[in-house]
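Please treat every number below as a calculation from the coordinates, not as lab data. Computed from a predicted model, the values in this text were never measured in an experiment. Here Cβ is always computed from backbone atoms with ideal geometry, including for glycine, and neighbour counts include all displayed protein chains.
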Amino acid sequence: MTITSNFKEIRESIQQAATQCGRSQDSIQLLAVSKKKGSKLIKEAYDCGQFCFGENYIQEAASKIPELPKKITWHFIGHLQSNKAKLAAELFDVIQTVDSLKLAKALDKHASVLDKKLSILIQVNIGVEEQKSGIAPDEAEKLIRNIRESTKLNIAGLMIIPPFTASPEMSRQYFKETKKLADGLAQKSLFSDNERVELSMGMTGDFQIAIEEGATIVRIGTALFGTRE
Ligand SMILES: *Cc1c(COP(=O)(O)O)cnc(C)c1O
């Protein structure tokens, strides 16, 4: 399979999933997850009209991003420590994995210095798993209120990585819960744009189900670029 045909196929699957549940394709953004893939492959994807990419590791991103077209929008989707916030704010447009006030404040400080409007998503540990990053669902409201009060970050929505399950259908409950949580927070006008709240959920194995449950950003790596080392 070539990159071109992979993108064509995935875009068609997204469109089909959207149509089947009565959503417009424009409401769903394909984020190409390019971790552990080289700049050359990313450039190939860019040449097929893909302009937003997700990366997980700051050092890796720092070596690739400067080599690639400025037009690309970069999302950080890995675990971020506050001491890497400066580089993250420089390199990325959207940080999807904010789960503490400390991290939000660090990002805000560096974004201000750069005079950059940085967008964030709040990572929610929707399965309340012990080892996993993300804020617990019942603490999300408080965290967002604190970030609103003490930063100028654009709080665009929520991001989740559901617990590993034996079948994609079992992720559905977590997508539903995330949508419900986001709707409740939007009702209280806690996001920056409460008419268009971003929900980053769904990966290669379960993106169709995530779309049915309201995903606005699907993060797809393997189906586009092949398996990773
Ligand atoms: C690697 C990764 C993805 C992409 O996963 P695939 O199964 O390869 O599509 C999506 N989201 C996050 C947070 C990731 O780390």
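Alpha carbon centre of the range 167-229 versus the range 72-139: separation in Å?
Cα centres, the range 167-229 to the range 72-139: 17 Å.
Counting Lys +1, Arg +1, Asp -1, Glu -1, what net charge surrounds Leu103 among other residues with beta carbon under 13 Å of its beta carbon?
Here the charged neighbours net out to +3.
Calculate the FRET efficiency for Thr4 and Glu169 from the Cβ-Cβ distance with a Förster distance of 25 Å, rounded to the nearest 0.05.
It comes to 0.25.
Which net charge results for the neighbourhood of Thr204, defined as the other residues with beta-carbon distances under 12 angstrom from its beta-carbon, given Lys and Arg at +1 and Asp and Glu at -1?
Net local charge, Thr204 excluded: 0.
Which order do Thr151, Thr2 fall in if you start with the one that has the fewest other Cβ atoms within 10 Å?
Fewest to most other Cβ atoms nearby, the residues stand as Thr2, Thr151.
Can you work out the PRE-style zone for Glu129? Point 7 Å along Cα to Cβ, and I want the residues of the range 21-36 with backbone N under 20 Å.
Output list for this probe position: 33-36.
Relative to the present Cα-Cα distance, how much length would full extension add between Glu90 and Glu149 at 0.36 nm per residue of separation?
Length gained, Glu90 through Glu149: 19.0 nm.
Tell me, Phe207, Phe92, Phe51 in order of fewest to most beta-carbon neighbours within 10 Å?
By the 10 Å Cβ count, ascending: Phe51, Phe207, Phe92.
Which semi-axis lengths, in whole Å and largest first, follow from the square roots of five times the eigenvalues of the Cα gyration tensor of the range 1-83?
Three semi-axes, in Å: 25, 16, 10.
Going by how many other Cβ atoms sit within 10 Å of their own, how do Met159, Met170 line up, fewest first?
Least crowded to most crowded, the residues run Met170, Met159.
Classify the chain as rounded, prolate or oblate, taking a ≥ b ≥ c as the square roots of the eigenvalues of its Cα gyration tensor: rounded when a/c is under 1.5, otherwise prolate if a/b is larger than b/c and oblate if not.
Oblate shape, in that a/c is at least 1.5 and b/c is the bigger or equal ratio.
As a check on your grasp of the helix formula, calculate [θ] at 222 nm for the chain: sum -39500 (n - 2.57) over DSSP H runs of n ≥ 4, divide by the residue count, round to the nearest 500.
So the calculated ellipticity at 222 nm is -12000 deg cm²/dmol.
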